[in-house]
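Single-structure report; data block below.
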């Protein structure tokens with residue numbers, strides 16, 4: 001591609017980036033943003049004409065690239081958004097440990113973790129090891145129990161490494177027991193500290209932006225937060241702290257748009273009551289919260305979808321509809337949870353791996369193309385729902401017309417990134433260029449972002465794809481791969497353990 005085309009692609013990307021910021025932060029400036037869109041589309045037309053032969057170039061790049069080069073290329077790839085993101089499970093353990101040890105960032109709190117087990121009844125409980133609590137919880141413990149805890153700031157280097165490993169699936173066959181029964185309880189109460197909750201969100205935002213995302217739809221709430229003295233903060237107080245953190249320059253400068261879902265624990269005895277309260281609160285805060293989700297292991301039969309059918313119908317009589325993205329079909333055996341979840345009104349299905357075993361519902365989604373399946377490859381592998389990803393239904397859904405996108409789920413507990421998801425998909429299923437682009441496009445088109453924000457994000461995505469094409473289209477394949485030397489990818493433990501790839 002000529003230098004003129006490359007310059008046009010660069011202009012397209014800059015113009016759309018400005019427009020996205022305008023639309024997201026300053027809705028009143030839509031006229032100026034529309035002008036930027038028009039100018040960028042005019043310039044971008046020349047770029048897109050030359051992009052028609054890039055699918056063949058991408059195949060050549062895949063064939064010639066080393067695994068390290070392919071990972072770097074996919075890190076540089078524009079990726080759209082992450083729609084299936086559990087905020088509490090998405091924090092890289094090293095980030096968390098550094099934050100908990102830094103009073104300047106965590107609001108002046110201190111944290112303690114359990115290392116000793118001399119006293120019954122939990123002397124041999126695996127979940128108790130590295131259970132980590134705030135200072136106010138520690139100070140309320142009897143002295144005999146306090147002696148079994150160590151301040152995080154006093155851990156040795158070996159203990160710090162062991163602490164981090166206790167918050168991720170890093171050993172073969174740890175699976176669901178470790179994830180559901182051990183990892184989450186070890187967090188104890190440290191996410192009740194608002195500074196910790198929102199600083200970890202900020203870390204995710206910055207890391208996602210660096211690897212090419214422009215949208216995050218995180219499952220995060222502002223309930224259950226406590227001050228240093230243990231005073232329960234109201235949701236409005238928590239919301240104020242969240243808005244303040246999102247407004248700081250280090251977040252705004254990333255260009256990543258953040259919206260939220262609220263989750264309801266589906267098998268709770270009071271799930272209907274929580275749904276009623278949460279639906280009303282989200283409906284009143286639609287600028288940031290754009291949807292609802294139902295979470296919790298489906299194998300617990302108390303959370304079956306049809307339990308909530310009348311509750312949702314009642315809520316839709318009281319409120320304008322809220323988009324629903326609900327976990328379904330994350331089970332070992334065949335079930336009808338996806339079909340039943342569609343009856344609840346869901347327009348996105350989280351996981352959906354059992355869709356392949358429900359031919360009637362699969363046919364419905366193939367024909368309608370109105371419901372997105374949120375694919376989480378690494379999650380499905382590590383939790384052993386599909387230990388062998390070569391038989392994952394993802395390519396069958398993708399290539400028979402069911403809308404899909406890639407997501408990270410609880411990526412801190414997997415020690416992974418969105419690039420890991422893309423690398424897994426490309427190397428396991430030989431994805432084409434057009435399929436990669438469609439995945440990113442789907443993640444934005446099926447997002448719950450407000451219409452004007454979604455339009456800006458989609459336009460920005462097309463511009464960034466054009467700029468990516470311009471960057472790797474010209475010259476020989478070897479010359480294009482050499483340009484990867486200027487890309488600075490970041491990887492975590494999953495890439496190292498799975499493929500032997502490690503980046504700073």
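The values are calculated or read from the model by the stated rules, or taken from the named source; none is laboratory data. No experiment lies behind these values; they were computed from the predicted model shown. Here Cβ is always computed from backbone atoms with ideal geometry, including for glycine, and neighbour counts include all displayed protein chains.
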Answer with yes or no whether residue 463 is at pLDDT 95 or above, in contact with a helix residue (DSSP H, G or I) (Cβ under 8 Å, 6 or more places away or on another chain), outside any loop (DSSP other than H, G, I, E, B) and more than 14 Å from residue 213 (Cα to Cα). no
Given (1) assigned to a helix (DSSP H, G or I); (2) modelled with pLDDT of 95 or more; (3) surrounded by fewer than 19 Cβ atoms within 10 Å (Cβ to Cβ), index of the condition residue 74 fails: (3)
Can you pull out the residues in region 267-289 that are surrounded by 13 or more Cβ atoms within 10 Å (Cβ to Cβ) and either in contact (Cβ under 8 Å) with a residue 60 or more places away in the chain or closer than 20 Å to residue 453 by Cα (or both)? 282, 283, 285, 286, 288, 289
Just checking: which of the helices (runs of 4 or more DSSP H) contained wholly in region 364-419 hold 2 or more residues that are modelled with pLDDT of 95 or more and buried (at least 24 other Cβ atoms within 10 Å of the Cβ)? 377-382, 411-414
Output the number of residues of region 332-363 satisfying the condition of being part of a loop (DSSP other than H, G, I, E, B) and within 21 Å of the chain's Cα centre (by Cα). 3
Subset of region 350-378, residues in contact with a strand residue (DSSP E or B) (Cβ under 6 Å, 6 or more places away or on another chain) and within 15 Å of residue 401 (Cα to Cα), comes to 352, 372, 373, 374, 375
Could you go through region 55-69 and let me know if any residue there is in contact with a helix residue (DSSP H, G or I) (Cβ under 6 Å, 6 or more places away or on another chain), over 20 Å from residue 498 (Cβ atoms), at pLDDT 95 or above and assigned to a strand (DSSP E or B). no
Kindly evaluate residue 129 against the criterion of being surrounded by 18 or more Cβ atoms within 10 Å (Cβ to Cβ), in contact with a strand residue (DSSP E or B) (Cβ under 8 Å, 6 or more places away or on another chain), modelled with pLDDT under 95 and not assigned by TED's automatic domain parsing to the domain that holds residue 326. yes
Say whether the condition of being without any contact (Cβ under 8 Å) to a residue 60 or more places away in the chain and in contact with a strand residue (DSSP E or B) (Cβ under 9 Å, 6 or more places away or on another chain) is met by at least one residue in region 407-423. yes
Does residue 298 qualify as being within 27 Å of residue 201 (Cα to Cα), at pLDDT below 95 and surrounded by 14 or more Cβ atoms within 10 Å (Cβ to Cβ)? yes
Kindly establish whether residue 179 is under 21 Å from residue 448 (Cα atoms), touching a helix residue (DSSP H, G or I) at 6+ places or on another chain (Cβ under 9 Å) and touching a residue at least 40 places away in the same chain (Cβ under 8 Å). no
